[in-house]
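Engineer: Can you read through this structure? Questions will come right after.
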Amino acid sequence: MNFLVSARRAELLSSNPKLRDLQVAKQNERLEKNYDRAAWFYERAAKVYSTNQIRSSKRFQLKYIEPGDKVLYLGAGTGEEAVMAARLGAEVTCIDISQAMLDVVQRKLGQESLSAELICQDAFDHQRIAHYDVVASNYFLNVFRRQDMIKMLGFTATLVRPGGRYMVADVARSQGNILAQAFNIFYLKLAMFAFWMLGLVPLHENYDYCKFFPDAGLETEHVEFFRYAKIGPVLFQSIVARRVT
C-alpha cells in the first residue's frame, strides 16, 4: 500500500507542475530553517569531523583563482573559502538558501574590510548564464538526491563562461586497500547520517562527480585528494574542471 501511495504521489507531481512547485517550495523552506539553525556550529563541526581537511580541500582551489576573477560560490554556507578568494582580489558572489549562513559570511568579510555580493536564493533562480570565470560547488551537490544533483550540476555549469572553471570540493569515493575503503565508507556514512538526522541532507551514495561532467559540458582538469588527518585514508577531494561547451 505504501508503495502504491508513493507511486501515485510521484505520478501526481510529475503531471501537475503547480503541485510540484509547491512541494519544492515547502522543501526549500524546511531546508532554509534547518540550515539557519545549524549556522552557529556548521563550520566548527566540519573542522573537527574532517580533521581540518574540508578547509584544505577548499583552500586548494585558490591556485585556480586570479585577482579580478568573477567567482560564484554555490551553497556558500559560512563562506570561509569566499573570504579567502576575496582576499586575493576576486569579485566574489555567494549564494545560499540560508540567510543566517550569509550573515556569518558578512561578519567575516566586515572584520577584514572585504566585500562580496551575498544573495539569499535558490541556485536555480540565479540566471547569470556564462557570467562567471569560476563557479565553486563545495559540499553543496551532496545535499541533493542523485537526479536532483544531476539537474543542479547541469544548470550551474551554464553559469561558467566557456573556458572558465567549475570546481567541486566534496567527499571522495572509497579507494585504496580494503581497510582504507571500509574506513572511508563507515566514516562518511556516519557523518551523512548525522546530517540527515539534522535535516540537512538526504541519504544517498557518494557521487563520482567526474562521471557526470561530460553531460554538463565540463572536462576534468585535475583531482586532488585529502586524507584523514593528512596521513589516513582518502576522505575528501577537490576537483577542477573546465567548461568546454
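Engineer: State whether the residues of the range 157-169 include one that is part of a helix (DSSP H, G or I), out of contact with any Phe, Trp or Tyr (no Cβ under 8 Å at 6 or more places or on another chain) and either surrounded by fewer than 18 Cβ atoms within 10 Å (Cβ to Cβ) or in contact (Cβ under 8 Å) with a residue 12 or more places away in the chain (or both). So that I can check it myself, show each step before the final result.
Structural biologist: Taking the range 157-169 as the starting set, the residues that turn out to be part of a helix (DSSP H, G or I) are 157.
Right, trim to out of contact with any Phe, Trp or Tyr (no Cβ under 8 Å at 6 or more places or on another chain) and you get none.
No, every residue in the range 157-169 fails to be part of a helix (DSSP H, G or I), out of contact with any Phe, Trp or Tyr (no Cβ under 8 Å at 6 or more places or on another chain) and either surrounded by fewer than 18 Cβ atoms within 10 Å (Cβ to Cβ) or in contact (Cβ under 8 Å) with a residue 12 or more places away in the chain (or both).
Engineer: In the range 93-106, how many are in a strand (DSSP E or B) and free of Cβ contacts under 8 Å to residues at least 40 places away in the same chain? Can you show your working first?
Structural biologist: We begin by selecting, within the range 93-106, every residue in a strand (DSSP E or B); these are 93-96.
Add one more test, that the residue is free of Cβ contacts under 8 Å to residues at least 40 places away in the same chain, and what stays is 93-95.
Number satisfying all stated conditions: 3.
Engineer: Return the pair list, or none, for Cβ contacts closer than 7 Å from residues in the range 180-197 that are within 30 Å of residue 36 (Cβ to Cβ) to residues that are surrounded by 14 or more Cβ atoms within 10 Å (Cβ to Cβ) and among the aliphatic types (A, V, I, L, M), at least 6 apart or on different chains.
Structural biologist: Going by the 7 Å Cβ cut-off, the qualifying pairs are 187/235; 188/171; 188/235; 192/201; 195/201.
Engineer: Under the condition of being without any contact (Cβ under 8 Å) to a residue 12 or more places away in the chain and of a type outside the set (Lys, Arg), which residue from the range 198-239 is nearest to residue 164 (Cα to Cα)?
Structural biologist: As a first pass, look at the range 198-239 and keep what is without any contact (Cβ under 8 Å) to a residue 12 or more places away in the chain: 203, 211, 214, 231.
Narrowing further to those that are of a type outside the set (Lys, Arg): 203, 214, 231.
Details: 203: 32, 214: 15, 231: 33 Å.
Among those that are without any contact (Cβ under 8 Å) to a residue 12 or more places away in the chain and of a type outside the set (Lys, Arg), it is 214.
Engineer: Scan the range 120-130 and tell me whether some residue there is more than 16 Å from the chain's Cα centre (by Cα) and either among the basic types (Lys, Arg) or part of a strand (DSSP E or B) (or both).
Structural biologist: yes
Engineer: If the requirement is being buried (at least 18 other Cβ atoms within 10 Å of the Cβ), farther than 27 Å from residue 203 by Cβ, among the small types (Gly, Ala, Ser) and touching a residue at least 24 places away in the same chain (Cβ under 8 Å), which of these qualifies: 76, 130, 90? Step through it out loud before you land on a result.
Structural biologist: On the way: 76 fails: farther than 27 Å from residue 203 by Cβ; 130 fails: buried (at least 18 other Cβ atoms within 10 Å of the Cβ).
None of the others qualify; the one that does is 90.
Engineer: Taking the range 196-234 on its own, how many of its residues are of a type in the set (Asp, Glu) and out of contact with any Lys or Arg (no Cβ under 7 Å at 6 or more places or on another chain)?
Structural biologist: Here is the first cut: in the range 196-234, the residues of a type in the set (Asp, Glu) are 205, 208, 215, 219, 221, 224.
Subset that is out of contact with any Lys or Arg (no Cβ under 7 Å at 6 or more places or on another chain): 205, 215, 224.
Adding up the residues that qualify gives 3.
Engineer: Mind listing whichever residues of the range 199-245 are assigned to a loop (DSSP other than H, G, I, E, B) and surrounded by 14 or more Cβ atoms within 10 Å (Cβ to Cβ)?
Structural biologist: So the first thing to find is which residues in the range 199-245 are assigned to a loop (DSSP other than H, G, I, E, B), and the list is 199-208, 213, 217, 231-233, 244-245.
Within the range 199-245, 199, 200, 201, 202, 204, 206, 207, 213, 217, 232, 233 qualify.
Engineer: Being among the polar types (S, T, N, Q) and modelled with pLDDT of 95 or more is the filter here; which residues of the range 224-245 pass it?
Structural biologist: First, the residues of the range 224-245 that are among the polar types (S, T, N, Q): 237-238, 245.
Within the range 224-245, 237, 238 meet the criteria.
Engineer: Scan the range 54-62 and tell me whether some residue there is on the phi < 0 side of the Ramachandran plot, free of Cβ contacts under 8 Å to residues at least 12 places away in the same chain and out of contact with any His (no Cβ under 6 Å at 6 or more places or on another chain). Don't jump to the end; show me each part of the working.
Structural biologist: Narrowing the range 54-62 to residues on the phi < 0 side of the Ramachandran plot: 54-62.
Checking the rest, the ones that are also free of Cβ contacts under 8 Å to residues at least 12 places away in the same chain come to none.
Taking every residue of the range 54-62 in turn, none turns out to be on the phi < 0 side of the Ramachandran plot, free of Cβ contacts under 8 Å to residues at least 12 places away in the same chain and out of contact with any His (no Cβ under 6 Å at 6 or more places or on another chain).
Engineer: Another question, if that's okay. Within the group 175, 181, which residue is polar (S, T, N, Q), assigned to a loop (DSSP other than H, G, I, E, B), over 16 Å from the mean Cα position of the chain (by Cα) and surrounded by fewer than 16 Cβ atoms within 10 Å (Cβ to Cβ)? Reasoning before the result, please.
Structural biologist: On the way: 181 fails: assigned to a loop (DSSP other than H, G, I, E, B).
Just a single option satisfies the conditions, and that option is 175.
Engineer: Something else now. Please enumerate the residues belonging to the range 31-77 that are assigned to a loop (DSSP other than H, G, I, E, B) and either among the polar types (S, T, N, Q) or at pLDDT below 95 (or both).
Structural biologist: 39, 40, 41, 50, 51, 52
Engineer: Which is under 13 Å from the mean Cα position of the chain (by Cα) and surrounded by 14 or more Cβ atoms within 10 Å (Cβ to Cβ), of 187, 139?
Structural biologist: Numbers: 187 fails: under 13 Å from the mean Cα position of the chain (by Cα).
Among 187, 139, only 139 is under 13 Å from the mean Cα position of the chain (by Cα) and surrounded by 14 or more Cβ atoms within 10 Å (Cβ to Cβ).
Engineer: If you check residue 109 against the conditions, is it surrounded by 16 or more Cβ atoms within 10 Å (Cβ to Cβ) and in contact (Cβ under 8 Å) with a residue 60 or more places away in the chain? It would help to see each step written out before you state the result.
Structural biologist: Details: surrounded by 16 or more Cβ atoms within 10 Å (Cβ to Cβ): yes; in contact (Cβ under 8 Å) with a residue 60 or more places away in the chain: no.
Taking the combined requirement at face value, the residue does not satisfy it.
Engineer: Here's another thing I want to ask about it. Looking at (1) part of a helix (DSSP H, G or I); (2) more than 14 Å from the chain's Cα centre (by Cα), find the lone condition where residue 153 falls short.
Structural biologist: (2)
The values are calculated or read from the model by the stated rules, or taken from the named source; none is laboratory data. Bear in mind the structure is a predicted one, so any value in this text is a computation, not a measurement. Don't worry about glycine lacking a Cβ; one is built from the backbone with ideal geometry, like all the others, and counts go over all protein chains shown.
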